[in-house]
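Report on one structure; see the data block that follows.
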Amino acid sequence: MATKNTTKKTEAKAAAKTPAAKKTTSAAAAKKAPAKTATKRAPRKPAVTTIDTICAKTEKVINKTKAGAVKGKIAVDIEVWGFEDGSNAKMYIELNDGKITVSPHTYNEKDFRIAVSFANAVAFLDGKMTLKALLESNDFYAEGNIAAAVKLASVF
């Protein structure tokens with residue numbers, strides 16, 4: 001009887017080593033563990049920059065401490081041209097005894113006026129362009145009270 005058990009054990013070992021047996025065990029293992037599939041997300045659409053976005057960034061860039069030191073009233077009307085959709089938009093910045101107002105509207109009682117390209121405005125507000133480089137660019141135009149412009153420039 002000992003030989004029959006030994007023969008059956010030997011046959012079982014031999015069967016386990018055959019490729020058919022390996023396929024069965026790997027198929028069983030595959031059923032137990034779910035296959036991981038990589039899920040790809042759709043790429044994010046870049047946020048559209050509007051005049052409201054530029055106004056919000058402008059408020060963040062202005063140094064509140066330096067603005068508080070400015071006495072009197074300074075108002076600038078800013079036209080940003082060449083938006084991503086080809087449009088132009090206006091905004092204004094007003095400093096009135098240290099109080100800052102930035103709004104996406106035109107301002108009639110301005111001390112000076114600025115026209116700047118969209119690309120340069122965004123680059124300046126993102127810190128990728130200095131004020132000096134912005135002023136020296138060909139995409140910047142200013143007219144009006146230069147002394148008021150210098151005071152306003154000091155708060156950036």
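The values are calculated or read from the model by the stated rules, or taken from the named source; none is laboratory data. Because the structure is a prediction, the values reported are computed rather than measured. Cβ coordinates were reconstructed from backbone atoms using ideal geometry, including for glycine residues, and neighbour counts include every protein chain displayed.
Take the stretch 57-73 and flag every residue that is within 24 Å of the chain's Cα centre (by Cα) and either farther than 21 Å from VAL122 by Cβ or outside the structural domain of LEU131 (by TED's automatic domain parsing) (or both). Explain how you work it out, then say what you get.
First pass over the stretch 57-73, keeping only residues within 24 Å of the chain's Cα centre (by Cα): 57-64.
LYS64 - this is the single residue of the stretch 57-73 that is within 24 Å of the chain's Cα centre (by Cα) and either farther than 21 Å from VAL122 by Cβ or outside the structural domain of LEU131 (by TED's automatic domain parsing) (or both).
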| task | Determine, yes or no, whether LYS110 is touching a Pro at 6+ places or on another chain (Cβ under 9 Å) and buried (at least 16 other Cβ atoms within 10 Å of the Cβ). | result | no
| note | Exception for VAL76 within (1) in the same structural domain as ASN145 (by TED's automatic domain parsing); (2) out of contact with any Phe, Trp or Tyr (no Cβ under 6 Å at 6 or more places or on another chain); (3) of a type outside the set (Phe, Trp, Tyr) falls at (2)
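With the stretch 41-129 as the region, which helices (runs of 4 or more DSSP H) entirely inside it contain at least 2 residues that are without any contact (Cβ under 8 Å) to a residue 60 or more places away in the chain and of a type in the set (Asp, Glu)?
On the way: elements: 51-61, 64-68, 118-125.
Helices (runs of 4 or more DSSP H) meeting the threshold: 51-61.
Working carefully through the options ILE54, ILE78, ILE93, find the one that is within 16 Å of the chain's Cα centre (by Cα) and modelled with pLDDT of 95 or more.
Values: ILE78 fails: within 16 Å of the chain's Cα centre (by Cα); ILE93 fails: within 16 Å of the chain's Cα centre (by Cα).
Matching residue, one of ILE54, ILE78, ILE93: ILE54.
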